[in-house]
1. Looking only at segment 183-210, filter to residues that are among the hydroxyl-bearing types (S, T, Y) and over 20 Å from K227 (Cα atoms); which one of those is farthest from the chain's Cα centre (by Cα)?
2. Which numbered condition trips up F111, out of (1) among the hydrophobic types (A, V, I, L, M, F, W, C); (2) under 19 Å from the mean Cα position of the chain (by Cα); (3) farther than 24 Å from I211 by Cβ?
3. Being assigned to a helix (DSSP H, G or I) and of a type outside the set (K, R) is the filter here, so list the residues in segment 205-227 that pass it.
4. Is it true that I197 is within 20 Å of L275 (Cα to Cα), in the same structural domain as F95 (by TED's automatic domain parsing), touching a residue at least 12 places away in the same chain (Cβ under 8 Å) and in a helix (DSSP H, G or I)?
5. What are the residues in segment 254-295 that are outside any loop (DSSP other than H, G, I, E, B), closer than 20 Å to R326 by Cα and of a type in the set (A, V, I, L, M, F, W, C), if any?
6. Please identify the pairs in which a residue from segment 46-64 that is part of a helix (DSSP H, G or I) has its Cβ atom under 6 Å from the Cβ atom of a residue that is surrounded by fewer than 24 Cβ atoms within 10 Å (Cβ to Cβ) and of a type in the set (F, W, Y), counting only partners at least 6 apart or on another chain.
7. State whether one or more residues within segment 77-95 are part of a strand (DSSP E or B), at pLDDT 85 or above, buried (at least 18 other Cβ atoms within 10 Å of the Cβ) and among the polar types (S, T, N, Q).
8. Restricting the first residue to segment 134-155 and requiring it to be free of Cβ contacts under 8 Å to residues at least 24 places away in the same chain, which pairs with a second residue that is of a type in the set (D, E) meet a Cβ separation below 9 Å and a spacing of at least six or different chains?
Amino acid sequence: MNFKIPRLKIDKLDVKIPIIQGGMGVGISLSGLASAVANEGGIGVIAAGIGMLEPDFNKNFREANKRALRKEIRKAKEITDGMVGVNIMVALSDFDELSLVAVEEGADLIFLGAGLPLKKPEILPLDRSRKVSTKICPIVSSARAAKIIFQYWAKNYSHVPDAVVVEGPLAGGHLGFKKEQINDPDYRLEKIVPEVISVLKTFEQQFNKSIPVIAAGGIYTGADIYKYLQLGAQGVQMATRFVATYECDASIEFKETYIKCQKDDIVIIDSPVGLPGRSIRNTFIDKVYAGVKKPFKCPWKCLRTCDFRKVPYCIALALTNAQKGRLEDGFAFCGANAYRVDKIVSVKELIKTLLDEYEKATSTQIASPNSG
């Protein structure tokens with residue numbers, strides 16, 4: 001009997017394994033990690049908004065942002081023939097320009113997070129929408145958000161996104177939930193995924209296309225992948241699990257933060273951008289909560305939602321410091337299961353483990369269909 005994991009199809013893209021490596025900024029998932037995941041048959045994702053890694057970002061942030069993203073996509077494509085996507089936050093003030101870079105460089109997909117992409121990306125004006133091969137995939141936290149995006153696009157552009165990532169409250173980084181919703185069972189990923197699938201049925205019929213739903217947030221094992229595929233998702237997005245890999249683009253100090261952390265170290269913080277975020281508690285976070293302000297100059301307002309005159313620290317700078325290993329001046333975002341990470345492995349080994357776990361979960365379920 002064949003327990004192999006099914007392929008993921010997003011329009012004309014045919015992905016060998018239905019695993020998307022989540023985009024992690026600033027600089028945690030660059031070409032190194034993305035290409036390694038793509039080479040194993042999944043979708044590797046580069047997180048945009050990485051101009052701070054360029055030497056001239058203080059003087060020329062907008063150009064540095066575009067140049068850094070262009071470099072990373074090209075590097076990834078030099079070392080993989082697999083699928084490479086780009087994660088771009090809708091809240092970035094140069095969102096349109098970065099989207100255009102992703103398309104120009106031949107990214108297979110653009111994942112749109114941190115905001116509702118109601119304004120269609122400039123890369124897809126109506127006269128060009130059929131010619132652009134890059135697939136569009138918004139990230140949502142509710143069926144309501146998915147419905148708003150799809151209704152708006154259908155009405156205004158006669159076109160809808162190609163897939164949807166549904167991110168639950170156990171995800172890392174910025175969360176699309178209020179604090180009180182994070183531990184509320186009504187907002188569990190298991191509940192949201194079927195609701196989004198149901199909402200998209202109308203648009204699948206209207207546009208005569210399959211719109212796969214990808215589950216994300218707290219997915220850690222192959223058994224978790226099996227569970228969400230059984231719920232109707234056609235793929236999963238995983239980020240935390242890929243941090244402790246040799247190929248991840250973060251510093252060894254950043255990776256060791258995951259390996260050393262305990263369950264109690266994982267906390268929900270108030271991000272300067274106005275959203276709750278999940279991170280690993282450290283002295284930097286403790287000082288911020290004690291009222292210590294981290295003075296900074298804002299070379300360029302990178303996030304539309306950030307009032308740099310009022311916030312206690314620059315989140316982009318804090319995340320960049322963490323990526324480089326300077327954890328005393330920053331912190332690590334993480335998913336709810338980061339404490340389960342206990343060693344650094346290769347992406348190849350991690351994918352093999354996940355596929356083995358998936359097959360085991362499948363065979364166990366077939367052997368005892370009434371269990372669970």
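1. The extreme case among them is T202.
2. (3)
3. Of segment 205-227, the ones assigned to a helix (DSSP H, G or I) are 205-207, 222-227.
Within segment 205-227, Q205, Q206, F207, G222, A223, D224, I225, Y226 qualify.
4. Considered against the rule, which asks whether it is within 20 Å of L275 (Cα to Cα), in the same structural domain as F95 (by TED's automatic domain parsing), touching a residue at least 12 places away in the same chain (Cβ under 8 Å) and in a helix (DSSP H, G or I), I197 comes out as no.
5. In the first step, residues of segment 254-295 are kept if they are outside any loop (DSSP other than H, G, I, E, B); the result is 254-260, 263-270, 276-280, 283-289.
Those left that are additionally closer than 20 Å to R326 by Cα: 254-260, 265-267, 269, 277-280, 283-289.
Those that are outside any loop (DSSP other than H, G, I, E, B), closer than 20 Å to R326 by Cα and of a type in the set (A, V, I, L, M, F, W, C): F254, I259, I266, V267, I269, I280, F284, I285, V288.
6. From residues that are part of a helix (DSSP H, G or I), the pairs are G51/F57; G51/F61; F61/W300; A64/F57.
7. Yes, some residue in segment 77-95 is part of a strand (DSSP E or B), at pLDDT 85 or above, buried (at least 18 other Cβ atoms within 10 Å of the Cβ) and among the polar types (S, T, N, Q).
8. If the second residue must be of a type in the set (D, E), the pairs left are R144/E195.
The values are calculated or read from the model by the stated rules, or taken from the named source; none is laboratory data. On a predicted model such as this, the values are computed, not experimentally measured, just so you know. As a convention, Cβ positions derive from the backbone with ideal geometry for all residues, glycine included, and neighbour counts pool all protein chains shown.
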